[in-house]
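A short write-up of the structure that comes next.
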Amino acid sequence: MLNAKTLVARNAAALLSALSRVPESPLKTLLFALAPSSNVTRNELSALTALLTKRFPTHVGCISAPVLIDSKLHPEHCSVSLALVDGIPFRSTVPGRPEPQVGRWHAGRNRDVSEDGTQMNNASGAKLGSTGSDVFNSALGENGEMDWQKLWSLPSSSNCKVGDALPQDLQCLESSSIGSFIYFSDRALEGITTELQNTFPSSHQLALFASPTPFLTGRPVTLFYNGQVHSDGAVGIALPSSLPSQLDLNFPTLVPLTPALPITSSEGNLILSINSSNPTRLLLSAIQKHGLSLSGDSNRVGKEDAFYIGVIEGGKLSQLYHINSGDPSRGTMALNTDMAPREGALVQMFRLPHPPTGVMVNPSSSHSHKPSVSLVVIPEVDSPPPSPPGPHSVHDTVFLNTFIAASENGFMLSRGNSTTSVPWTCTVPGGKVTLTWN
């Protein structure tokens, strides 16, 4: 990693001026996340992207959400994160899990699916996936029962052998030669995530779900790769294992409600029992023990409060899942994930009293002697009203050695060399993962 930085400017013109002073480095690959303001014009956006992609012909990037440097959301401010790296860029079209189709089959099915149910996602119309029956058959256990964990982890292109669906630039690499992958993706990244995990099991994966851009560029997401713009798939870079790195997770202020307890039964996205007890009743009991009330007093649990199940590994919080619902009579607890933590996993319940309203970065703490990449989740917010210039307006700021990219859609994390962790999507407002190089 070389010359990582995040630039925050008071408007698009100031950001364009700051970018014009960044020296070119034709032998490096540029990793960038451009975060324009909500009211940037198409001409300003074109000028920003043209400057980045023309000055750095080898590049990987996306449009992301702005980074804040104080507690107020300023409608004019823009940011861009840059990192010049020695790595291997790649573009992935490996299909992920298709979006659910609603309505009658002949009228509502995805146009990228052929009559026999196979995926037709590449430009030539070649069949990339298997039929639904093949997918289910491949997930059957030895006794004929469905292995749900295996089913959910299968990419939609389950006919492919390991490595066959990898981007061409990654197919000839030695598994041990890559230390980490950083990429930007649409919402369906299960295919590329599984391929990378199977082929490079010792490598970390950090993926930012690119911000939605339908009103900005007319695309669901906007990805950049070596002079081309894409609306789907993933673009990223593989970094060599010769660069020692450290992975850290941080979450907003969470209030622990229970001690760490083992899961004794789970299925799909449901936790059926924790420590051989009803998980929903455990949560309700913990709320009462902490003096919280579901209604009535100053300590009441409000609609802005959120509750989470955290997975504890090595004494640290390694994953966090939002609790969608619970049934005190049946005991089931539904999590916002495809796969709940498995039997034997240590979990702890948390309360997030008031989710943060934005990604706030302290400039004094964001200058580092070690280069790092941070991916952050921000909550979805409405566009703020225009604010007059004054002493609290955003000033141009540079965060040295720090690449910070944010998105309303969250990020995905897969830890290398982990026998217990599975690829995990974080949508916790304020959640942040940081990869630091020594």
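Heavy atoms only, 1.4 Å probe, whole protein assembly: order Asp248, Asp396 by accessible area, highest first.
Result, largest first: Asp396, Asp248.
Distance check, please: which entries in Lys370/Lys432; Lys5/Lys54; Lys289/Lys432; Lys5/Lys316 exceed 22 angstrom between their Cα atoms?
Lys289/Lys432; Lys5/Lys316
Set the Förster distance to 25 Å, then compute FRET efficiency between Glu343 and Asn250 from the Cβ-Cβ distance, nearest 0.05.
0.35
Note the full-extension length gain between Asn417 and Thr93 as 0.36 nm times their separation in residues minus their Cα-Cα distance, in nm to one decimal.
Difference between extended and current length: 114.1 nm.
Probe radius 1.4 Å, ligands and nucleic acids left out: which of Val229, Val433 has the largest accessible area, and how do the rest follow?
Largest accessible area first, the list is Val229, Val433.
Probe 1.4 Å, all protein chains in place: accessible area of Asp86 in Å², nearest 10?
Approximately 90 Å² of Asp86 is accessible to the 1.4 Å probe.
Just to be sure I understand the model, the point goes 7 Å from the Cα along the line to the Cβ. What's the resulting Ala13 to Asn43 distance in nm?
1.1
If Glu267, Glu190, Glu174 are ordered by their accessible area, calculated over protein heavy atoms with a 1.4 Å probe, which sequence runs from highest to lowest?
Output order, biggest surface exposure first: Glu174, Glu267, Glu190.
Once fully extended, how much extra length lies between Phe215 and His290, figured as 0.36 nm per residue of separation less the alpha-carbon to alpha-carbon distance?
Extra length available between Phe215 and His290 comes to 22.6 nm.
Extension gain Glu313-Ser231, at 0.36 nm per residue separation less the Cα-Cα distance, in nm?
Full-extension gain reported as 25.9 nm.
Rounded to the nearest 0.05, what FRET efficiency do Thr264 and Glu380 give with R0 = 35 Å and r taken as the Cβ-Cβ distance? Could you check?
0.45
At Asp169 and Asn324, where each label point lies 7 Å from the Cα along Cα→Cβ, what is the point-to-point distance in nanometres?
About 3.6 nm, to one decimal.
The values are calculated or read from the model by the stated rules, or taken from the named source; none is laboratory data. Not measured: the values here are computed from a predicted model. Cβ sites come from the backbone with ideal geometry, for glycine too, and all protein chains shown count toward neighbours. Only protein heavy atoms, including side chains, enter the accessible area calculation; ligands, DNA and RNA are left aside. Shrake-Rupley method; radii C 1.70, N 1.55, O 1.52, S 1.80 Å.
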